[in-house]
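*Asks:* Below is a structure I'd like to ask you about.
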Amino acid sequence: MGGFFGAIAKRDVALDVFFGVDYHSHLGTRRGGMVIYHRDKGFQRQIHNIENTPFRTKFEKDLADFNGCSGIGCISDTDPQPLLVRSHLGLYAIATVGIINNADALVDQYFSDHGHQFMAMSSGKVNATELAAALINKKDDLVSGIRYAQEQIDGSATILILTPGGIIAARAWASSKGHASHGTETPARASASTAAATRRSVSSAMAAKPPASSRKGTSTKAP
């Protein structure tokens with residue numbers, strides 16, 4: 001299981017992301033992470049092990065270092081995330097929630113084009129979020145890449161991406177046959193230039209309700 005949260009505004013959102021991610025703490029017991037973007041400071045990221053210490057306790061000391069008007073965070077029961085990715089699409093942060101049933105086949109397919117590599121986790125498996133990012137990077141823009149990744153994945157992959165220009169959210173949901181159904185809607189975008197004076201919704205398609213204190217952020221849980 002897992003859950004993530006994102007917020008964008010014309011003011012600092014570090015606390016919004018902190019409390020929004022903490023709200024999802026019951027969905028994972030292994031890793032927690034936050035990334036905040038500031039126009040001058042760039043991406044600021046922290047990932048902590050939360051197996052023995054709650055998310056809030058682990059990240060409270062980091063809040064003083066986080067500053068920016070957009071950010072995402074994640075609670076994960078599997079992979080450390082969010083990840084920072086640099087590719088021909090630029091530098092971005094990515095978090096995912098879901099399950100990739102055909103991960104081994106996708107990795108083999110990716111390796112077939114020589115010159116590629118993945119960072120292996122201690123289990124020897126590939127980080128599912130890194131795999132999703134590798135699929136996204138096969139296309140010429142993030143939206144096309146997200147569509148491609150969700151088409152290739154057998155299972156489900158709900159994706160949240162933070163870029164210097166805003167946040168992109170794309171949801172995958174289970175069909176009646178038990179396979180992932182990704183629909184045809186364009187992944188939702190939110191940019192700093194279109195953010196409301198407080199905070200705006202990243203995606204009206206996100207069904208999970210965030211805490212009352214940050215209800216205009218985006219939030220999702222694993223299916």
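Every number here is computed from the coordinates shown, using simple stated rules; none is lab data. Just so you know, these numbers come straight off a predicted model, no measurement behind them. Glycine also receives a Cβ, built like all others from the backbone with ideal geometry; neighbour counts cover every protein chain displayed.
*Asks:* Applying the Karplus parametrisation 6.51 cos²θ - 1.76 cosθ + 1.60 with θ = phi - 60° to the phi angles of the range 130-145, what ³J(HN,Hα) value in whole Hz is obtained for each residue in order, glycine and proline being reported as x?
*Replies:* 3J(HN,Hα) across the range 130-145, in whole Hz: 5, 5, 4, 5, 4, 5, 4, 6, 6, 9, 8, 8, 5, 5, 5, x.
*Asks:* Strictly greater than 28 Å: what percent of every Cα pair in the range 1-143 meets that?
*Replies:* 20 percent
*Asks:* Counting other beta carbons within 10 Å of each Cβ, put Arg30, Arg45 in order, fewest first.
*Replies:* Ascending Cβ contact count within 10 Å gives the list Arg30, Arg45.
*Asks:* I would also like to ask the following. So if each residue of separation counts as 0.36 nm, and I subtract the Cα-Cα distance between Asn52 and Arg39, what length gain in nm does that give?
*Replies:* 1.2 nm
*Asks:* Calculate the all-directions average of the projected area of the range 1-42's alpha-carbon convex hull, and give it in nm².
*Replies:* 3.2 nm²
*Asks:* Among Ile47, Ile94, Ile167, rank each residue by its count of other Cβ atoms within 10 Å, from fewest to most, as a rough exposure measure. Please list the in-between numbers first.
*Replies:* Numbers: Ile47 20, Ile94 25, Ile167 28.
Listing Ile47, Ile94, Ile167 from fewest to most nearby Cβ atoms yields Ile47, Ile94, Ile167.
*Asks:* Can you give the extra length, in nm with one decimal, that the chain gains between Asn102 and Asp140 once fully stretched, where that is 0.36 nm per residue apart less the Cα-Cα distance?
*Replies:* Separation in residues times 0.36 nm, less the Cα-Cα distance, equals 11.3 nm.
*Asks:* Need one word for the range 68-113: rounded, prolate or oblate. Basis is the Cα gyration tensor (sqrt eigenvalues a ≥ b ≥ c); a/c below 1.5 gives rounded, then a/b vs b/c decides.
*Replies:* Oblate, because a/c is 1.5 or more while a/b does not exceed b/c.
*Asks:* Whole-Hz ³J(HN,Hα) for each residue in the range 154-162, computed from phi via Karplus 6.51 cos²θ - 1.76 cosθ + 1.60 with θ = phi - 60°, x for glycine and proline: what do you get?
*Replies:* Coupling constants for the range 154-162: 8, x, 8, 8, 8, 10, 10, 10, 10 Hz.
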